[in-house]
Amino acid sequence: MNNKLYAAWAGFVGGNVASFVKWGTENPLPPRSSDRAIPPAEMLNDIGLNVQSMTYTYSGHVINWGIAGVHHLFSLFFAMFYCVVAERFPKITLWQGAAFAIVLTILFHGIMLPVFGWAPSFWDLPLDEIISETLGHILWMWVIEVFRQYILKRV
């Protein structure tokens, strides 16, 4: 197996674990006010899916698997992308992946989400959201970087 395959595997494993880390940061630091829709819900609704019906109940809590799934797929895709690209361009790992996390936060929360109408413009975002998303993404990417380093050192 070549290093790119191992890197993709590291991204897959790290992306799965880091997804839970990102969700975990949103508990003590909620990224948006309770009156605003969650961007993945807006996205799913815009493509014609009924996000309200994408639920299951666990331990008495209603969980939206559609919203969770969008976040999880985002984590897997970008973790695998990051780990594979790091094999060719190691500078992507600057600050243990924090630089990549900051760039991704700006690209999505500052540009993509507002362009599609799934979130307010960056300058209209509350500081709480900017802090939550930035710190959450930095921790998320750091976990991916730890998995990348560990798995690639083992091979």
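The values are calculated or read from the model by the stated rules, or taken from the named source; none is laboratory data. What you are looking at is a predicted structure, and each value in this text was computed from that prediction instead of being measured. Glycine gets a Cβ as well: all are built from the backbone with ideal geometry, and neighbour counts include every protein chain shown. What goes into the accessible areas is simple: the full protein's heavy atoms, side chains included, and nothing from ligands, DNA or RNA. Shrake-Rupley method; radii C 1.70, N 1.55, O 1.52, S 1.80 Å.
Residue count for region 8-35 under the criterion of being open to solvent by less than 70 Å² (accessible area, probe 1.4 Å) and either more than 20 Å from the chain's Cα centre (by Cα) or touching a residue at least 24 places away in the same chain (Cβ under 8 Å) (or both): the result is 17. Ala41 passes every criterion in (1) touching a residue at least 12 places away in the same chain (Cβ under 8 Å); (2) touching a helix residue (DSSP H, G or I) at 6+ places or on another chain (Cβ under 6 Å); (3) closer than 22 Å to Ile138 by Cβ apart from (3). Taking Gly69, is it open to solvent by less than 50 Å² (accessible area, probe 1.4 Å) and either modelled with pLDDT of 95 or more or in contact with a Phe, Trp or Tyr (Cβ under 8 Å, 6 or more places away or on another chain) (or both)? Judged against the criteria, Gly69 is a match.
Val84 meets all of the listed conditions (1) closer than 22 Å to Met112 by Cα; (2) under 19 Å from the mean Cα position of the chain (by Cα); (3) surrounded by 15 or more Cβ atoms within 10 Å (Cβ to Cβ) but one, namely (1). Filter region 110-147 for residues that are more than 14 Å from the chain's Cα centre (by Cα) and small (Gly, Ala, Ser); which is modelled with the lowest pLDDT? It comes out as Ser121. Highlighted here are the helices (runs of 4 or more DSSP H) found entirely within region 45-155 that include at least 2 residues which are farther than 25 Å from Leu29 by Cα and touching a Gly at 6+ places or on another chain (Cβ under 9 Å): 65-88, 127-154.
A search for C-beta distances below 7 Å between a residue of region 103-126 that is open to solvent by 40 Å² or more (accessible area, probe 1.4 Å) and any residue that is of a type in the set (Ser, Thr, Tyr), counting only pairs 6+ apart in sequence or on different chains, returns Pro126/Ser33.
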